[in-house]
Amino acid sequence: MRVVVVGSGAREHAIVASLVKDHEVVATPGNPGIEEICEVTDKDPESIDADLFVIGPEVPLVAGLADRLRANKKLVFGPGQDGAALEGSKAFMKQVLHDAKVPTASFSVFSEFKAAKSHLMSYPGPYVIKTDGLAAGKGVKVTSDLDEAIEDVRLKLSGASFGESGKTVVIEEAMIGPEVSMLVVTDGASAVALPVATDFKRVYDDDLGENTGGMGAHSPVPWADQSVVDEVMQRAIYPTLSELARRGIDYRGVLYAGLMMTEVGPKLVEYNVRFGDPEAQVVLPRITSDLGQLMAEVASGRIESPVTIDKRAALTVVLASRGYPASPQYGMEIKGIDAANGQVGVTVFHGGTKKSGRGLVSSGGRVLSVTALGDSLNEARDAAYRAVSMIEFEGMHYRRDIGLRAISEGAKSSGVVS
Ligand code: AMP
Ligand code: GLY
């Protein structure tokens, strides 16, 4: 098949790396890492001819790119605008969860400061405040400090911190427990869970600092075995797909369930309508069957082929720019990628890089995602950090604790289900 991949991040690099094993791929706009493994173009995806279109990021999905392509009889992996609203509006997502009776945090929606403030003052915290609209993973404040919570709501509702996205907020009950990202591919009716991953959202070690798009990930996850996968499919994914269908939404693509493993079982934190970044960088390398075939089946509304999984573990470390997430600084020369890529089992996915007269330079907050496969999480972790030590750019920072908790819980990759 000839497949078009839309996007330019490390997630799209991982998607392309899997697809090129069996298919001809064109990426738009792609990035310097993607350019090394397939054709890239700046063309509008609607002007390209292909057998299958894969839309990576949420922004074009929420803007209706899948609908426009489908209107032109193209086969598309990715939901239409109606399904993408699960990520485009947290208030809509919470309503769907409520109607589908999916276990999740209780919530209220506000667009008026006085009402939001008195709600915050009515309970002891911790407080969880989210922008209704898209905020690149940074729109969530979790705090036990009432004054900080009130100030966060004030900045969001006034538009000062997140513009239009923040002018409606969702205030939620706080959930406690380790997190899991379950990526499920669905043709709207049936669904297949991909290997479970976990993401490291806070910028610093020990989960300190601001929320980011994700600073690292690994798969498998010892605190999410097959029974958890089965429970999430039965209590969250299938009820959600039925509720979407009831609303006339035909969802074809990946549904990413962000979950918290609470004392009373897994609860849904959020849905995203695309592969996670950096989760894709550890989930996709573990899929040994033909990803393009699976995506084409999803797009045509009938999943038939089995998904086969590599028993090895995968772990990725994100290398970020100085100042990320608040105010990242770009344009730094990057060295050592080839040496890192030369290590057994290692792939360096490009997130925010561009070519310049000085060679490759950083151009985004999350610059590279250094991924390694290994016979155990421990081995994958060692290989990933060895590769990280070969790479440098000014101001580079990364978490040093990716995978430590899983390893100390005695994870063994072989034998641990997905
Ligand atoms: P979201 O953008 O909704 O995925 O939230 C980003 C991160 O904020 C999540 O991955 C959690 O770490 C944290 N978070 C979100 N909702 C809650 C909640 N209700 N309770 C505790 N932490 C939360
Ligand atoms: N890693 C979190 C996300 O992709 O939203």
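The table that follows gives values for the structure above.
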| item | result |
| --- | --- |
| Point-charge dipole on Cβ atoms (K/R +1, D/E -1) for the range 12-95, about Cα centre, debye to 20 | 480 debye |
| Of the trypsin sites (Lys or Arg not before Pro) in the range 33-94, those whose Cβ has at most 15 other Cβ within 10 Å and which sit in DSSP loop | Lys43, Lys73 |
| The chain - Kirkwood radius from inverse mean 1/r over Cα pairs (Å) | 21.6 Å |
| Fraction of alpha-carbon pairs over 15 Å apart in the range 109-155 - percent | 38 percent |
| Relative contact order for the range 308-418, counting Cα pairs under 8 Å that sit 6 or more residues apart, in percent | 38 percent |
| Between the range 93-134 and the range 204-271, the alpha-carbon center distance in angstrom | 19 Å |
| Lys/Arg +1, Asp/Glu -1 at C-beta; the range 236-329 dipole; positive extreme among Gly258, Ser289, Thr308 | Gly258 |
| Length added when fully stretched, Asp42-Met1, from 0.36 nm per residue minus Cα-Cα | 12.7 nm |
| The range 292-384: proportion of alpha-carbon pairs further apart than 22 angstrom, % | 48 percent |
| Debye intensity ratio in log₁₀ form over the Cα atoms of the range 13-162, taken at each q of 0.14, 0.15, 0.22 Å⁻¹ | -0.82, -0.88, -1.33 |
| For the range 224-284, accessible area per residue (1.4 Å probe, heavy atoms of protein chains only), Å² | 33 Å² |
| C-alpha center-to-center spacing [the range 284-361, the range 379-396] in angstrom | 14 Å |
| Cα-based Rg and Dmax for the range 169-328, where Dmax is the largest Cα-Cα distance (Å) | 16.2, 46 |
| Length released on extending from Arg358 to Lys21, taking residue separation times 0.36 nm less the Cα-Cα span | 118.2 nm |
| Cα lying deepest toward the dipole's positive end in the chain, options Pro178, Val62, Ala380, charges on Cβ | Val62 |
| Per residue accessible area of the range 100-142, 1.4 Å probe, in Å² | 49 Å² |
| Inter-part distance where the range 4-81 and the range 168-198 are each reduced to a Cα centre, Å | 23 Å |
| Alpha-carbon Debye profile of the range 61-111, log10 I(q)/I(0) at 0.24, 0.25, 0.26, 0.30 Å⁻¹ | -0.85, -0.88, -0.91, -1.06 |
| Carbon + sulfur, % of accessible area of the range 5-163 - ligands and nucleic acids excluded, 1.4 Å | 52 percent |
| Average projection area in nm² (convex hull over Cα atoms of the range 148-242, one quarter of hull surface) | 8.2 nm² |
| Interatomic Cα distance distribution for the range 264-309, bins of 5 angstrom, percent | 5, 17, 18, 23, 19, 13, 4, 1 |
| Computed [θ] at 222 nm, deg cm²/dmol, the chain (DSSP H ≥ 4; -39,500 (n - 2.57); rounded to nearest 500) | -7500 deg cm²/dmol |
| Apportionment of accessible area to carbon and sulfur, the range 186-247, percent (1.4 Å) | 48 percent |
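The values are calculated or read from the model by the stated rules, or taken from the named source; none is laboratory data. Computed from a predicted structure; not experimentally measured. Heads up, the Cβs are rebuilt from the backbone with ideal geometry, glycines too, and the neighbour counts pull from every protein chain shown. Keep in mind that these areas ignore ligands, DNA and RNA; they rest on the heavy atoms of the full protein, side chains included. Shrake-Rupley method; radii C 1.70, N 1.55, O 1.52, S 1.80 Å.
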